[in-house]
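Trainee: Encoded as structure tokens, here's the structure I'll be asking about.
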Amino acid sequence: MRSFPSDAISEKSTNVRVDDEAPAERPARTLALALAVWAGAVALGAVDDVFLRLGTRTDAALAIFAAFFALAVYVLDESVRGAVDAVSIARIAAIALTGDAALAMALSLHGSGALFGGAFALATLFAVPLAFAAHVPLARAIAARRFRSAAARSPGARRAAT
């Protein structure tokens, strides 16, 4: 059997396209896709009343797991944390406050019994866990602004653009 010398085989084929970035190096796109799939799965389950059939304790455990999983992904994954930290504080605050408002509205209108039925399931199992996790980068961003040194906040610290 004849073997080919290693230098005879071209290392780059002309009919293969190589992306500059691998999917793992695009955390913002990956995060957006994961959030879309998560929201879609919860919406499909809500439409089919899956969460009403599971029972309140199971639904509560699922919501708590989703909240802590979202928080753990932000805390433990550097690329996700970098992508989230690149988002403006206003957007992160909007996400956090929207989830808080959705939970408050659901509780005030229907009590805890209706948290997992219909559209409230999307709020309880998607918006609220996402908001729970969004409070951490929001607090970090606010703290970073608040605790900057006096020299960094001083208008005289940098020369004016002329």
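Trainee: If only one of 131, 72, 114 is touching a helix residue (DSSP H, G or I) at 6+ places or on another chain (Cβ under 8 Å) and closer than 21 Å to residue 36 by Cβ, which one is it?
Mentor: 131
Trainee: Among the residues of the stretch 76-84, are any surrounded by fewer than 14 Cβ atoms within 10 Å (Cβ to Cβ), out of contact with any His (no Cβ under 6 Å at 6 or more places or on another chain), touching a residue at least 12 places away in the same chain (Cβ under 8 Å) and assigned to a helix (DSSP H, G or I)? It would help to see each step written out before you state the result.
Mentor: First, pick out the residues of the stretch 76-84 that are surrounded by fewer than 14 Cβ atoms within 10 Å (Cβ to Cβ): 76, 78, 82.
Checking the rest, the ones that are also out of contact with any His (no Cβ under 6 Å at 6 or more places or on another chain) come to 76, 78, 82.
Narrowing the set further to residues that are touching a residue at least 12 places away in the same chain (Cβ under 8 Å) leaves 82.
Next, from what is left, pick out any that are assigned to a helix (DSSP H, G or I): 82.
For the stretch 76-84, residues surrounded by fewer than 14 Cβ atoms within 10 Å (Cβ to Cβ), out of contact with any His (no Cβ under 6 Å at 6 or more places or on another chain), touching a residue at least 12 places away in the same chain (Cβ under 8 Å) and assigned to a helix (DSSP H, G or I): present.
Trainee: Could you identify the single residue in 117, 113 that is modelled with pLDDT under 80, closer than 24 Å to residue 41 by Cβ and part of a helix (DSSP H, G or I)? Break it down stepwise before answering.
Mentor: Details: 117 fails: part of a helix (DSSP H, G or I).
Residue meeting the stated conditions: 113.
Trainee: Next question, about the same structure. Within the group 72, 106, 102, 63, which residue is more than 23 Å from residue 45 (Cα to Cα) and either among the small types (Gly, Ala, Ser) or touching a residue at least 12 places away in the same chain (Cβ under 8 Å) (or both)? Let's see the steps before the verdict.
Mentor: Working: 106 fails: more than 23 Å from residue 45 (Cα to Cα); 102 fails: more than 23 Å from residue 45 (Cα to Cα); 63 fails: more than 23 Å from residue 45 (Cα to Cα).
Among 72, 106, 102, 63, only 72 is more than 23 Å from residue 45 (Cα to Cα) and either among the small types (Gly, Ala, Ser) or touching a residue at least 12 places away in the same chain (Cβ under 8 Å) (or both).
Trainee: Can I ask one more? Identify the single condition in (1) in a helix (DSSP H, G or I); (2) surrounded by 13 or more Cβ atoms within 10 Å (Cβ to Cβ); (3) within 14 Å of the chain's Cα centre (by Cα) that residue 87 does not satisfy, given that it satisfies every other one.
Mentor: (1)
Trainee: On to the next question. If you go through the stretch 53-69, how many residues are farther than 21 Å from residue 34 by Cα and in a helix (DSSP H, G or I)? Explain how you work it out, then say what you get.
Mentor: First, pick out the residues of the stretch 53-69 that are farther than 21 Å from residue 34 by Cα: 53-58, 60.
Next, only the ones that are in a helix (DSSP H, G or I) stay: 53-54, 56-58, 60.
Of the residues in that region, 6 qualify.
Trainee: Given the options 52, 33, 44, name the one that is within 11 Å of the chain's Cα centre (by Cα), hydrophobic (A, V, I, L, M, F, W, C) and open to solvent by 60 Å² or more (accessible area, probe 1.4 Å).
Mentor: Details: 52 fails: within 11 Å of the chain's Cα centre (by Cα); 44 fails: within 11 Å of the chain's Cα centre (by Cα).
Going through 52, 33, 44 in turn, the sole match is 33.
Trainee: Here's another thing I want to ask about it. On the given criteria, is residue 97 modelled with pLDDT of 90 or more, surrounded by fewer than 16 Cβ atoms within 10 Å (Cβ to Cβ) and assigned to a helix (DSSP H, G or I)?
Mentor: Values: modelled with pLDDT of 90 or more: yes; surrounded by fewer than 16 Cβ atoms within 10 Å (Cβ to Cβ): yes; assigned to a helix (DSSP H, G or I): yes.
Taking the combined requirement at face value, the residue satisfies it.
Trainee: Within the stretch 55-74, can you find the residues that are open to solvent by 60 Å² or more (accessible area, probe 1.4 Å) and under 21 Å from residue 134 (Cβ atoms)?
Mentor: 62, 64, 65, 68, 69
Trainee: With the structure loaded, tell me whether residue 102 is farther than 23 Å from residue 26 by Cα, open to solvent by less than 50 Å² (accessible area, probe 1.4 Å) and part of a helix (DSSP H, G or I) or whether it fails that test. Before you say what the answer is, go through the steps one by one.
Mentor: Values: farther than 23 Å from residue 26 by Cα: yes; open to solvent by less than 50 Å² (accessible area, probe 1.4 Å): yes; part of a helix (DSSP H, G or I): yes.
Yes, satisfied.
The values are calculated or read from the model by the stated rules, or taken from the named source; none is laboratory data. Because the structure is a prediction, the values reported are computed rather than measured. Note: ideal-geometry Cβ built from the backbone for every residue, glycine included; neighbour counts use all protein chains shown. Areas reflect the complete protein model, heavy atoms only, side chains present, ligands, DNA and RNA absent. Shrake-Rupley method; radii C 1.70, N 1.55, O 1.52, S 1.80 Å.
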